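Here is the structure we will look at, set down as structure tokens.
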Amino acid sequence: MSKREAGTEKKGSKRSALLYRPVGLMSGLMAGAISGAVFKQIWKLAANEEEAPSALQSEYRMREVVLAAALQGAIFAATKAAVDRAGARGYTKLTGSWPGD
């Protein structure tokens, strides 16, 4: 590959990444909403409580607070990865280029 071809490829990937930003932003917001709803339902089933404990609620033990935060983080990370991946695949079908390349 010549330097000229490599330069064109980098410009194209930068443009693709820039065009993908609104899609990425919307998918991040969607992932946050979905993961919040999923976590709330899982917490209701697991703890038999409406709300998960927050770090500043003194009536909960440290273990409960940390477990709730870890579960919420894991659900958010998995949901965000799934939504981001689906968004990137859809973007690729429309444009022919992968936004992360």
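What do you get for the angle between helix 3-47 and the principal long axis of the chain? Use alpha-carbon atoms, 0 to 90 degrees, nearest ten.
20 degrees
Provide the packing ranking of 57-65, 27-35, i.e. peptides ordered by the mean count of other C-beta atoms within 10 Å per residue, highest first.
So the order, starting with the most tightly packed, is 27-35, 57-65.
Name the residue farthest towards the positive end of the dipole of the range 3-95 from the options A52, A17, G87, assuming +1 on Cβ of Lys and Arg, -1 on Cβ of Asp and Glu, about the Cα centre.
Checking the options against the dipole of the range 3-95, the answer is A17.
Run the numbers for Q41 and L18: contour at 0.36 nm per residue of separation, minus the present Cα-Cα distance, in nm.
Net length gain for the segment: 4.7 nm.
All of the numbers you see were taken from the coordinates with simple rules; none came from a lab. Keep in mind it's a predicted model, so treat the numbers as computed, not measured. Please note: Cβ atoms are built from the backbone with ideal geometry, for glycine as well, and neighbour counts cover all protein chains shown.
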